[in-house]
Amino acid sequence: MAKNQNRKIRTTLLENRSSIVNALLILVDILTLSLAVLFSALIRLLLVPIMGGAINWPLIIQGLGFYILFAILLAWINGLYPGFGLAAVHEMQKVLYVVSLASVFLGVFLFLQQLGMAYSRFVFVLTWFLSALLMMLGRFGLRNRLSRYAWWGIP
């Protein structure tokens with residue numbers, strides 16, 4: 001009886017592999033994009049004594065929400081979820097494209113809200129760079145760790 005139940009659970013996992021992989025990739029992307037924005041803001045905060053100015057935390061948090069929304073939507077449209085069959089170079093190109101386009105959308109959003117001058121240009125540019133780097137590394141790490149399991153990969 002226990003064997004049948006284990007086989008049933010495994011079959012269910014294999015049938016739902018795409019949803020599981022999508023959820024994990026989206027979770028990793030949200031985490032890496034959030035870390036990129038927060039690291040950028042913290043680095044800028046550390047540079048306030050040298051560069052002057054201030055960090056507008058409410059605006060950065062508001063921008064973070066829209067940035068993540070834009071990036072996840074663009075990643076979905078560009079086939080990064082689940083991304084089976086993509087060569088590493090193609091995935092890196094798509095990640096860079098998605099992060100760049102999401103940054104452009106965030107810039108347009110801030111401009112239309114007349115908040116462009118309140119948002120740190122340093123944070124904006126560093127967020128773009130760190131987002132691309134961390135998103136690629138996060139996806140690589142996730143794929144490296146979970147590719148050993150039968151439910152990961154092409155059916």
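None of the figures in this text is laboratory data; all of them are computed from the coordinates on show. The shown structure was predicted, so the numbers you read here are calculated from the model rather than taken from an experiment. Because the Cβ atoms are built from the backbone with ideal geometry, glycine has one as well, and the counts that use them run over all protein chains shown.
List of remarks:
- The length gained on full extension between N144 and N78, counted as 0.36 nm times the residue separation minus their Cα-Cα distance, comes to 21.6 nm.
- Spacing of the two label points (7 Å from each Cα toward its C-beta) at L31 and Q114, in nm: 4.1
- Dipole of segment 11-146 computed with +1 at Lys/Arg Cβ and -1 at Asp/Glu Cβ about the Cα centre; of P58, S40, L73, farthest Cα towards the positive end is S40.
- Estimated FRET transfer efficiency when R0 is 41 angstrom, pair L86-I61 (beta carbons, to 0.05): 0.80
- A DSSP coil position with no more than 13 other Cβ atoms inside 10 Å describes the following trypsin sites (Lys or Arg not before Pro) in segment 78-155: R148.
- Dipole moment magnitude, nearest 20 debye, segment 11-146 about Cα centre, only Lys, Arg, Asp, Glu C-beta charged: 160
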